[in-house]
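Structure, as C-alpha cells:
Taken together, the values in this text are just the output of simple stated rules run on the coordinates, not laboratory data. Here the structure is a predicted model, which is why all the values come from computation and not from measurement. No Cβ is skipped: glycine too gets one built from the backbone with ideal geometry, and neighbour counts run over all protein chains shown.
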Amino acid sequence: MEKKLPVGIENFEEFSAENFYYVDKTLFIAELLRNWGKVNLFTRPRRFGKSLNMSMLKCFFEVGSDPALFDGLKIMQEKELCEKYMGKFPVISISLKSVDGRNLESASAALRTAIGNEALKYQFLLESKNLTDTEKASYSRLIKVGAETKAIYDMTENVAEASLKTLSQLLAKHYNQKVILLIDEYDVPLDKAFQAGYYDEMANLIRNLLGNALKTNDSLYFAVLTGCLRISKESIFTGLNNLKVHTISDVRYDEFFGFTDTDVNELLKFYGLPAYKSVFQDWYDGYRFGDVDVYCPWDVINYCDQLLADPEAEPENYWANTSGNDLICRLLKKANQTTRSEVEQLINGEAIIKTIRQELTYRDVEGSIDNIWSVLYSTGYLTGRGRLPGKQIKLALPNREVRELFIDLVKDWFEETTQADSARINRFCAAFPDGDVQTIQEMLYDYLWDSISVRDTAVRTNMKENFYHGMLLGLLRSQGSWMVMSNAETGEGYSDISIQTPDRVGIIIELKYANNGNLETACKEALNQIEEKKYEEGLKRRGMKKMIKYGIAFYEKECMAVIA
C-alpha cells in the first residue's frame with residue numbers, strides 16, 4: 001500500500017498506525033541525550049516539525065509506549081541508548097498552542113484546560129500504593145472540574161502555577177523514576193497576551209509555572225521546550241541557570257527541524273516527482289539553520305499532495321498563509337525611507353546587514369524597527385546568508401514563497417497609504433482626462449519614491465511591468481465613477497489599462513519597463529503599440545467621444561509619461 005502524505009500530522013504514533021510517509025528525524029533523540037541539558041529550549045519558525053519532534057520524544061521515552069513505532073528507524077541502530085532510555089520514563093507532554101483569550105481570565109482557563117487534560121491521563125495515581133492520601137488529594141485538585149462550567153478545570157491560581165511541578169512529583173514517586181517534561185509552543189500564550197493587552201499578567205503566570213517546574217523541581221530528569229521566539233531570560237526564565245537554548249543560528253541540532261536536500265530528494269523519488277525538484281527549490285528551499293540549508297516541511301508536503309492530484313498544479317503560498325503576517329505589516333507602517341529601501345533590497349534578491357537580538361520580550365518588538373528585523377529572522381521570514389562580527393548577520397528572503405508574500409503585503413500597504421490621502425490621489429487621477437502629462441509624471445515619480453519597487457535583475461521584464469501596472473491600477477481605481485479595466489480586449493489585442501469616464505472620455509495607457517534605462521524610447525514603443533494594435537477601437541464602440549492615449553515607462557524609481 002502506498003504511504004500517505006502526512007498533511008498536518010503531528011502525532012508520531014499515527015505515522016505507523018495510518019501508514020504515513022515519515023522523514024526520519026529520530027537521531028534527534030540520540031543528539032539530545034549525548035549533549036545533555038537539564039532544560040533545553042528549541043526555537044524554530046512555525047511549521048518546521050517542532051510538534052512532531054516533541055511527539056516523537058514522548059513516544060520514545062514514555063513508560064508503556066510501543067517500541068514497534070520505531071522499527072526500521074535510525075534510532076534503533078543505537079542499541080545501548082535504546083536499552084537504557086526507551087520506555088523508561090514518565091512523560092508530561094503539553095502544548096500551549098491553544099492558550100489564547102481576549103483577556104487573562106479566558107487565557108488562564110485555556111491554560112488550566114491544557115494542564116488538566118494532561119493530568120487526567122494519570123488517574124491511576126488515585127489508586128497508587130506509593131502515594132499518600134495527601135498526595136492523592138493534591139492530584140485531585142489538578143483534575144477537579146468546576147461545578148458551574150462542567151468543562152473548565154477548577155484550579156486556584158496557586159494550584160495552576162504549581163501544577164506541572166506537582167504532577168511531576170507525583171509521577172516520579174509512583175514510578176520511582178524522574179520525569180521528562182515536554183512543553184510545546186511555550187511562547188504562544190505570551191504572543192496572544194501581548195496582542196490582546198494583558199502581557200504582564202500572562203508573563204507572570206508563565207514565569208511562575210515554568211519556574212516551579214524547571215527551577216526547583218528535584219523530580220525532573222530533563223525538559224524540552226519549543227517555540228518561535230527566544231523570550232528573554234529576565235522575562236520568564238528568571239533564575240534558571242540550567243537552560244540550554246538552541247536557535248536557528250546554532251549548528252547543533254541544525255538538521256532535525258525542516259527537510260534537508262537529501263530528505264526532499266528521497267520524498268520526491270518515492271512519489272515519482274523528481275522532475276519538479278527545481279520548483280521546490282525555488283519556492284520552498286533557502287532557509288539556513290546552523291550550517292544546513294533546509295526546506296519548509298509544510299510547503300513540501302502540501303505541494304507534493306497537490307501534484308499527486310494535479311500534475312499541472314502551480315506552487316502556492318502554503319506556509320505564509322497559515323497565520324497572520326502582522327509583523328511585516330508593522331514593519332512597513334513604521335518604515336522610514338531607509339527601511340523602505342532595505343525592504344526593496346530584500347524583494348530584489350539582495351541581502352541587508354543587521355545586528356540580531358535573539359533574546360527579546362514581546363514588548364521589545366514594538367520598541368524599534370531593528371527588533372522587528374530580529375523577530376522576522378527568528379520566525380523564518382528572513383534567513384541568514386552569512387555571519388559578520390558583532391552579532392551582525394546578512395539577511396535575505398529565503399525563497400520565492402516569502403518573496404511573493406512580501407510583494408503582496410507591500411502592495412496592500414501602498415494602496416492603504418495612498419487611499420488615505422484622497423485629495424492627493426484625486427488630483428493625480430484628474431490629470432489623466434485633462435491631458436496634464438506633467439502632473440502625471442511628477443506625481444507618479446513621488447508615488448514611486450514613497451513606494452517599494454521591484455527591480456530584481458533575475459525577474460523577467462513582464463513581471464517588473466506587472467508590479468508597476470498593479471500600482472498604477474490601484475491608484476486609478478480610487479475613482480468610483482470610472483470604469484477601469486486591466487488587460488481588457490479593446491482592439492486587436494489587450495491594452496494594459498483602459499478607462500471610461502462618465503463624460504465619455506476614453507483613456508488608454510500602455511506601460512513599458514525600460515531595461516536599459518532609456519525611458520523616452522520605451523514611451524515611444526508604448527504609443528506605437530497602441531496604434532498598431534488599434535486599442536482605441538473597442539472604446540469607440542463603447543461610445544467614448546474623446547480618446548486620450550498615454551505611454552508610460554518605468555525604470556527602478558524613474559518614470560516618464562508621454563501623451564499621443
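By how many nm would the segment from GLU266 to LYS394 lengthen if fully extended, with 0.36 nm per residue of separation less the alpha-carbon distance?
Going from the current span to full extension adds 43.0 nm.
If the label point is 7 Å along Cα→Cβ of GLN177, which residues in the stretch 77-108 have backbone nitrogen under 15 Å from it?
Within reach of a label on GLN177, which here means backbone N under 15 Å from a point 7 Å along Cα→Cβ, the stretch 77-108 contributes 81-93.
Determine ³J(HN,Hα), in whole Hz, for all residues of the stretch 504-516 in sequence, where each value follows from phi through the Karplus function 6.51 cos²θ - 1.76 cosθ + 1.60 and θ = phi - 60°; x replaces Gly and Pro.
So the J values, rounded to whole Hz, are 6, 9, x, 10, 10, 10, 10, 10, 9, 9, 8, 4, 8.
Suppose R0 equals 35 Å; then what is the FRET efficiency for GLU416 and ASP291 from their Cβ-Cβ distance, rounded to the nearest 0.05?
Using R0 = 35 Å, I get an efficiency of 0.30.
Arranged from highest to lowest average of other beta-carbon atoms within 10 Å per residue, in what order do the peptides 353-360, 199-206, 257-264 appear?
In decreasing order of mean packing, 353-360, 199-206, 257-264 become 257-264, 199-206, 353-360.
On alpha-carbon atoms, Rg over Rh for the stretch 461-564 using Kirkwood Rh?
On the Cα set of the stretch 461-564, Rg over Rh gives 0.96.
By average Cβ neighbour count within 10 Å, what is the ranking of 180-188, 310-318 from highest down?
180-188, 310-318
Near TRP413, within a Cβ-to-Cβ distance under 13 Å, what is the net charge of the other residues, with Lys and Arg +1 and Asp and Glu -1?
Local charge sum for TRP413: -2.
Near CYS429, within a Cβ-to-Cβ distance under 15 Å, what is the net charge of the other residues, with Lys and Arg +1 and Asp and Glu -1?
Net charge in that neighbourhood comes out at -4.
Where does the chain land at 222 nm, in deg cm²/dmol rounded to the nearest 500, when only DSSP H runs of n ≥ 4 count, each adding -39500 (n - 2.57), divided by all residues?
After summing the helix terms and dividing by the residues of the chain, the value is -13500 deg cm²/dmol.
Give me the orientation-averaged projected area of the Cα convex hull of the chain, in nm², one decimal.
Approximately 31.4 nm², given one-decimal rounding.
Counting Lys and Arg as +1 and Asp and Glu as -1, each charge on the Cβ, what is the dipole of the stretch 351-392 about the Cα centre in debye, to the nearest 20?
Approximately 220 debye in magnitude.
Report the FRET efficiency, 1/(1 + (r/R0)^6), for GLN123 and GLU13, where r is their Cβ-Cβ distance and R0 is 30 Å, rounded to 0.05.
0.90
Which value in nm describes the separation of the simple spin-label points at LYS540 and LYS244, placed 7 Å from the Cα toward the beta carbon?
So the two model labels end up 8.0 nm from each other.
In Å and from the alpha-carbon atoms only, list the Rg and Dmax of the stretch 214-328.
For the stretch 214-328, the Cα-based Rg and Dmax read 18.5, 58 Å.
Lys and Arg at +1, Asp and Glu at -1: add these up for the other residues within a Cβ distance under 12 Å of LYS333 and post the number.
-1
Can you give the FRET efficiency for SER486 and SER140, using 1/(1 + (r/R0)^6), R0 = 56 Å, r = Cβ-Cβ distance, to the nearest 0.05?
The value I calculate is 0.25.
Listed highest first by mean packing, meaning other Cβ atoms within 10 Å per residue, what order do 21-32, 362-373 come in?
21-32, 362-373
Report, in debye and to the nearest 20, how large the dipole of the chain comes out about its Cα centre when Lys and Arg carry +1 and Asp and Glu carry -1 on their Cβ.
For the chain, the charge dipole is close to 1120 debye.
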